1. If packing is taken as the average count of other Cβ atoms within 10 Å, what order do 137-148, 208-219 fall into, highest mean first?
2. Quick check: net charge around L262, other residues with Cβ under 13 Å of its Cβ, Lys/Arg +1 and Asp/Glu -1?
3. Amide H of G190 versus every other amide H placed in the peptide plane: which residues, excluding those fewer than 5 positions away on the same chain, fall under 5 Å?
4. Among H72, H221, which comes first, second and so on when ranked by fewest other beta-carbon atoms within 10 Å?
5. Quick one: Kirkwood hydrodynamic radius for segment 127-271, alpha-carbon pairs, angstrom, one decimal?
6. Using the number of other C-beta atoms within 10 angstrom as an exposure proxy, rank V132, V33 with the fewest first.
7. For the pair E217/T253, report the inter-label distance in nm, with labels modelled 7 Å from Cα in the Cβ direction.
Amino acid sequence: MSILQKLLLLFSGIFYVLVIIGFFLPTSWVSLVFFILHSGSLLYFTYLSQKNQPASFSQGEELTQNIAFLRHELQILSEKNRELTASNQNLSLQLLQKKEEAASGNCDLQIKEAALLPPLPENAVEETIDVVAIVRETIKELQTFADSAGLIMQISAAVDPLYLKASSSRMRILFQNIIDNSIKYMKRSGTLVITLSIVGDDIFIVLKDNGKGLSSEETPHIFELNYQGSNRISGNGLGLAQAKAIVEAYGGTIYAKSSPELGMGIYIQIPLTKGGNYDE
């Protein structure tokens, strides 16, 4: 075998590998170019072999068989190309469906979260309310429930009265949900201390109990809709999610800190609009 023939075989092998790689490229013509080069190398190699060695059959038969072989390979490559194209189209369709499902799920979640915000009475307007007074009223409403659970509720206000421009009904629901949550999940006698203060233009509210608490893994999820952790009690899982919706409706933030056996702390910050004088 001559050096030229060896080179032809080498190039033919390289071109065949490039044909396979070309199937994974976005442009199908690349595979066709390498296939033509691969086929040309084989044909020229066959021609040299026919020229240098005695043939066992006529040149016409040799050429016919080579053409048939090339047609067969071209058909195989075309079928593989069609399979890859169909597979890519199917994958694109699946990705599109998953994106649509995810978008639909996010939309449903946003609708559910928006529905958590308690509606205001018809023709109602935001009013200037005394947050400390609302906390006291809420404690009074839940006192019997707290006594039966062995929970002592205390309030500590750096400013009294403490005015906030908001809906009194929504703020009452906010404190009802959080205090009710503490009473249910304390699981032992203890205390719930509610601290209210002002820092700059914000009101800060901390509700801290000394109950069983939750792990650091579960705590960040307690404001999620329908979430009931390992310390679950019968309920609909809406209380703290609704509390979060109310706080965020007034441009505030709410988060929790907790550790097992060290109780639960709920921390609330709401931008403050002063509606009266404050005694420092």
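1. On the way: 137-148: 14.2, 208-219: 17.8.
Packing order, densest peptide first, comes out as 208-219, 137-148.
2. Values: positive: R188, K208, K212, K257; negative: D209, E261.
Overall, the nearby charge balance is +2.
3. L151, I152
4. On the way: H72 10, H221 13.
Going from least to most buried by this count: H72, H221.
5. One over the average 1/r among Cα pairs gives 15.2 Å for segment 127-271.
6. Working: V132 20, V33 14.
Fewest to most other Cβ atoms nearby, the residues stand as V33, V132.
7. Taking the simple label geometry, E217 and T253 are separated by 2.6 nm.
Where a number appears in this text, it was derived from the coordinates with a stated rule and is not lab data. Being a predicted model, the structure only gives us computed values, none of them experimental. All Cβ positions, even for glycine, are placed from backbone atoms using ideal geometry, and neighbour counts span all protein chains on display.
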